Amino acid sequence: MVRLNPAERRTEPHRARCRDMLSARLVHMIEDHADELLRGLMDDLQSNPRTAAYHSLKREDLRARLHDVYRHLGGWLSEATEERVETVYGELGRKRHAEGIPLSEVVFALTLAKYHLRDFIRTRGLVDSAVELYQEQELHRLVGRFFDRAVFHTVRGYEQELRSQRKIAA
């Protein structure tokens, strides 16, 4: 292990490396605990009064969709292009419309997924320094940004499907 003197520890490149390592550690921890996160979210989705339409969905269908988010979080946060998010979540919106799930419940389901993830990050108690606190806050920001994009594209996909169905019916 390389030991740095106190002056070297205060340099921006060193702080950036520490932040990146912690971020990677947090993301890997989330990916490693995807099943645990998933169980809590699925239980919530299938019992919460705000997601009544999800109560009758097959757990395996829910599991497949949600597992991708938690298990591959690092990729979604760092590598997902706007086009990829649009493709995946636009399709989710179209699928949920076809299943007859109200848009408000679809949005709330994504919100619950974000809440469960943020609670997991917060309760793991990995913050022992100001740098780690900053990194946890940055991870929260990235998670929020990802879910904001996912909600937007899900709603757009839902609306596109709704317009298509209206044209067919006309």
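The values are calculated or read from the model by the stated rules, or taken from the named source; none is laboratory data. Small disclaimer: the values here were computed from a predicted structure and weren't measured. Because the Cβ atoms are built from the backbone with ideal geometry, glycine has one as well, and the counts that use them run over all protein chains shown. Accessible surface is based on the protein model in full, side chains and every heavy atom, while ligands, DNA and RNA are left aside. Shrake-Rupley method; radii C 1.70, N 1.55, O 1.52, S 1.80 Å.
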Taking the stated definitions as given, is R124 surrounded by fewer than 19 Cβ atoms within 10 Å (Cβ to Cβ), of a type outside the set (A, V, I, L, M) and in contact (Cβ under 8 Å) with a residue 12 or more places away in the chain? yes
With respect to F146, determine if the residue is open to solvent by 20 Å² or more (accessible area, probe 1.4 Å), within 29 Å of L26 (Cα to Cα) and in contact with a Phe, Trp or Tyr (Cβ under 9 Å, 6 or more places away or on another chain). no
Positions within region 149-170 being loosely packed, with under 12 Cβ neighbours inside 10 Å and not basic (K, R), in sequence order: I168, A169, A170
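Is it the case that E79 is under 14 Å from H153 (Cα atoms) and open to solvent by 30 Å² or more (accessible area, probe 1.4 Å)?
Here the answer is no, as E79 does not meet what is asked.
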Any idea which of E99, E86, E82, E31 is in contact with a helix residue (DSSP H, G or I) (Cβ under 6 Å, 6 or more places away or on another chain) and under 30 Å from I168 (Cβ atoms)? E86
Please work out which residue is modelled with the lowest pLDDT, limiting yourself to region 137-170 and to residues that are assigned to a helix (DSSP H, G or I) and small (G, A, S). A169
Against the definition (at pLDDT 95 or above, open to solvent by 20 Å² or more (accessible area, probe 1.4 Å), of a type in the set (F, W, Y) and assigned to a helix (DSSP H, G or I)), how does Y134 come out, yes or no? no
Which pairs have Cβ atoms under 8 Å, sit 6 or more apart or on different chains, and link a residue in region 45-60 that is under 15 Å from K95 (Cα atoms) to one that is among the charged types (D, E, K, R)? A53/E99; A53/E105; Y54/E105; L57/E99
For the list (1) surrounded by 17 or more Cβ atoms within 10 Å (Cβ to Cβ); (2) at positive phi, I need the number of the one condition that G100 fails. (1)
Within region 49-63, the residues that are touching a Phe, Trp or Tyr at 6+ places or on another chain (Cβ under 9 Å) and open to solvent by 30 Å² or more (accessible area, probe 1.4 Å) are R50
